[in-house]
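Worksheet for the structure shown next.
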Amino acid sequence: MLTDAELTVLGLVVERPRHGYELDEVVSERGMRDWTALGFSSIYYVLGKLREKGLVAEVAGERPHPKAKKTFTATEAG
């Protein structure tokens with residue numbers, strides 16, 4: 001069973017590969033913090049949990065934003 005935060009992040013990564021900074025921007029822009037407890041500091045934690053569950057994976061070599069360190073994409077299971 002996934003938490004609201006995990007479902008939110010997974011849904012955004014399913015839309016297209018994203019990095020943590022971009023995920024934070026989208027969560028803010030779409031007003032998602034109004035209904036889920038997903039702060040900037042928890043985004044990479046949630047991505048880690050989703051990676052452990054095999055639902056997302058890191059994309060090697062992509063850096064769509066200067067602050068980006070890791071970009072994540074949904075796996076087949078995700």
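Only Cα pairs under 8 Å and 6+ residues apart enter the sum, and on that basis the relative contact order of the chain stands at 40 percent. Scanning the chain for DSSP H helices at least 18 Å long along the axis (C-alpha atoms) with a Kyte-Doolittle mean no lower than 0.0 picks out 40-52.
Once backbone amide H atoms are built at 1.01 Å from N, residue 59 has 71, 72, 73 as its partners under 5 Å, excluding neighbours fewer than 5 places away on the same chain. For the chain, the carbon plus sulfur part of the accessible surface works out to 54%, probe radius 1.4 Å. Of the GluC sites (Glu not before Pro) in the chain, the ones in a loop by DSSP (not H, G, I, E or B) with at most 15 other beta carbons within 10 Å are 62, 76. For the chain, the solvent-accessible area of protein heavy atoms averages 60 Å² per residue (probe radius 1.4 Å; ligands and nucleic acids excluded). Among rounded, prolate and oblate, which fits the chain when a ≥ b ≥ c are the square roots of the eigenvalues of its C-alpha gyration tensor, a/c under 1.5 means rounded, and a/b larger than b/c means prolate? Oblate, because a/c is 1.5 or more while a/b does not exceed b/c. Over the chain, DSSP H runs of length four or greater, each weighted -39,500 (n - 2.57), average out per residue to a 222 nm ellipticity of -14000 deg cm²/dmol.
Close amide H contacts of residue 78 (hydrogens built in the peptide plane, cut-off under 5 Å, sequence separation of 5 or more or a different chain): none are found.
The values are calculated or read from the model by the stated rules, or taken from the named source; none is laboratory data. Worth saying up front: this structure is predicted, and the values here are computed from it rather than measured. No Cβ is skipped: glycine too gets one built from the backbone with ideal geometry, and neighbour counts run over all protein chains shown. Please note that ligands, DNA and RNA were not included when accessible areas were found on the heavy atoms of the full protein model with its side chains. Shrake-Rupley method; radii C 1.70, N 1.55, O 1.52, S 1.80 Å.
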